[in-house]
Amino acid sequence: MLERSHIQSTGFHNIGPVGARTGFEVRIRQPNYRSSRLSLIEGVDLVIDGVEYPAEQGRIRVGDREYSHAEMAEETVARLYVGTYFTVIVPKAGGLAPGVHHVASSIRFRHPYFPPEFQPVFVRDARHATIILP
Amino acid sequence: MSAFKYGVSLYSYTEDLGTVMSLEDAFDHVAGTGSTGIEILGETSIPTYPEPTTAWLDSWFALLDRYQLEPTNMAAWVDTRITIGRNMSVEEGAAQIAQDLRLAHRLGFKFLRPKFGVIDGELTPDPIWQPAVERNLDLAHRLDIVILPEIHSPTPIKHPVTDAYIAFIERTGTKNFGLMIDTGIFQDRPLNKWGGGETDEIRKKALSFLNGIKVPVEHLADVIQYVPFIQAKFHHIDENLHDHHIPWDRIVPMLKKLGYAGYLSSEYEGARDPWVSIEQVRRQHALIRKLEAEYDAAHGGNVHA
């Protein structure tokens, strides 16, 4: 089963060739009480050690499928299920330095049954997480 | 004298399910309260919603049998604002409800709660609700399922939203559409912890919702004929069986007086620390059973075990 925090320890790592990293990934538990069509997630914004990585720049992986920000907005069939995670893929030349980082996430959930002023709601989490390999 | 039926909605175990609790664990906790009914959220409990696998179906029926629980209500959603720029059509809304009716029937449920998207702060449902439901009344009748929108805070009983649902029932003459009361409408003291997805913005702006809209329990008399199912929303019950927000000592006698004999399906929505919900649900069952027994004893009826 997954960690209680939205941000998961496992899955936080650099991507791309060693020595020429192209970015990093963060694994996030689907924290809502019901499964969510991808189109109801308006984005996942990250802040790593105070540096902002807006949702529009990254991609999301659900299972084996990757979505750009624009593709997610139109995906009304595929769902994020309770008890599963998705991965935020962030481009960043060189990746993140090995060691402990402060990671904050904000998921923009659109709940159609919430009053319009609360669409979206921002579901936040923050914790320390560790990059092992450069 | 009429007697309540007791059940639990798996919504109570939100956050625990998927992190520290399996579906079978949840069945065990529900059965452990002495309940006869289990309520699920279709897209939460079914890992491949809307199409359960054969293995999952086998497991579902085996669990019902092992724990001697009957399916009560299946919660579903009509996500009207389906993308940022587009709302569901009537056809899409009707298809969503039809899909959930068939799924609920397949799993043995008698009630379906579709949660419609809303268009304002008073939770007025998207206007597609009426034609989308109406197109499904024959199907609901064939499947012997009652469709129940919920009357949920901040919408009170005496309100145009409720009136529109009742007008629909009276116009169509249907027996397959009714009202689900969420007991959060009776909340009469402020919440200090909302387990429904609290955010900084909601805490700042949704004051009526968090403070409670304090619907008088007497208003139940106006609608009880349309209410076959109640979600027993609550947020915190202390070790003295004192509920800090929901006035069960007024709700239970009123429901008894009105002859309510349907389910009270626990919906815990308080602190989401691991496993707290298990004990909270048990306290609610102890509290409501005690109040029901006291009412029965005072009115010469059966004392329930």
Item checked: Residues of the range B:5-298: accessible area per residue with a 1.4 Å probe, Å² -> 38
Notebook entry, point to check: Which lysines have a Cα less than 20 Å from the Cα of residue B:175, not counting those fewer than 8 places away in the same chain?
Noted result: B:110, B:115
Next item on the list: For the protein assembly as shown, state the average projected area of the convex hull of the C-alpha atoms over all orientations, rounded to one decimal in nm².
Entry: 21.3
Check: Once you have the alpha carbon radius of gyration of the range B:161-305, what is it after dividing by 2.2 N^0.38 Å, with N set to its residue count?
Finding: 1.13
Item checked: Charge tally in the Cβ shell below 13 Å around residue B:11, where Lys, Arg are +1 and Asp, Glu are -1, residue B:11 excluded -> -3
Next item on the list: For the A and B pair, go ahead and give the buried accessible area with a 1.4 Å probe, both sides summed, in Å² to 100.
Entry: 3200
Next item on the list: Note the per residue figure in Å³ for the convex hull of the C-alpha positions in the range B:109-179.
Entry: 81
Notebook entry, point to check: List for the range B:112-158: residues with 50 Å² or greater reduction in accessible area, all protein chains versus chain alone, probe 1.4 Å?
Noted result: B:118
Checklist line | Backbone N within the range B:1-29 under 18 Å of label point (7 Å from residue B:59 Cα along the Cβ vector) | finding: B:10-11, B:13-29
Checklist line | Positive-pole candidate from A:113, A:30, A:58, dipole of the range A:13-131, charges at beta carbon | finding: A:30
Next item on the list: Determine the dipole magnitude for chain B: charges of +1 sit on the beta-carbon of Lys and Arg, -1 on that of Asp and Glu, nothing else is charged, the reference point is the Cα centre, and the result goes in debye to the nearest 20.
Entry: 540
Checklist line | CD proxy at 222 nm, helix term only [per DSSP H run n ≥ 4: -39500 (n - 2.57); per residue of chain A; nearest 500] | finding: -1000 deg cm²/dmol
Notebook entry, point to check: Highest GNM mean-square fluctuation, chain B, Cα pairs closer than 10 Å: which of B:113, B:189, B:171?
Noted result: B:171
Check: How far is the Cα center of the range B:181-196 from the Cα center of the range B:231-287, in Å?
Finding: 11
Next item on the list: With a bin width of 5 angstrom, please list the P(r) values of the range B:133-227 as percents of all Cα-Cα pairs, from the 0 bin to the one holding the largest distance.
Entry: 2, 12, 21, 18, 14, 13, 10, 6, 2, 0
Check: Given a 1.4 Å probe and every protein chain left where it sits, what share in percent of the accessible area of the range A:13-131 is carbon and sulfur?
Finding: 54
Checklist line | Whole-number D in µm²/s for the range B:1-88 (Stokes-Einstein; Kirkwood sum over Cα pairs; 25 °C, 0.890 mPa s) | finding: 170
Item checked: Fraction of beta bridges assigned by DSSP in the protein assembly as shown that are antiparallel (%, nearest 5) -> 60
Item checked: Fraction of antiparallel bridges per DSSP, chain B only, in percent to nearest 5 -> 10
Item checked: With every protein chain in place, chain B: carbon and sulfur % of accessible area (1.4 Å) -> 53
Item checked: the range B:59-177: C-alpha pair distances exceeding 18 Å, % -> 54
Next item on the list: May I ask you to derive the relative contact order of the range A:13-131, considering only C-alpha pairs under 8 Å and at least 6 residues apart, and to give it as an integer percent?
Entry: 32
Check: Charges only on Cβ, +1 for Lys and Arg, -1 for Asp and Glu: so what's the dipole of the protein assembly as shown about the Cα centre, in debye to the nearest 20?
Finding: 100
Check: To the nearest Å, what is the center-to-center distance of the range B:78-130 and the range B:133-172, using C-alpha atoms only?
Finding: 12
Checklist line | Quotient of C-alpha Rg and 2.2 N^0.38 Å, computed over the range B:5-298 | finding: 0.96
Note to self: What's the whole-number percent of alpha carbon pairs in the range A:90-132 lying beyond 15 angstrom?
What the structure shows: 60
Check: Of B:124, B:199, B:72, which is the most mobile in a GNM of chain B whose springs link Cα atoms less than 10 angstrom apart?
Finding: B:199
Item checked: Partner chain coverage, peptide A:3-11 - average Cβ within 10 angstrom -> 1
Item checked: Alpha-carbon Debye profile of chain A, log10 I(q)/I(0) at 0.10, 0.16, 0.17 Å⁻¹ -> -0.31, -0.78, -0.88
Item checked: Shielding score for A:116-122, defined as the mean number of other chain Cβ atoms within 10 Å -> 5
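The values are calculated or read from the model by the stated rules, or taken from the named source; none is laboratory data. Quick caveat: nothing in here was measured; it's all calculated off a predicted structure. Backbone-built Cβ (ideal geometry, glycine too); neighbour counts: all protein chains shown. Note: areas computed on protein heavy atoms with side chains; ligands, DNA, RNA excluded. Shrake-Rupley method; radii C 1.70, N 1.55, O 1.52, S 1.80 Å.
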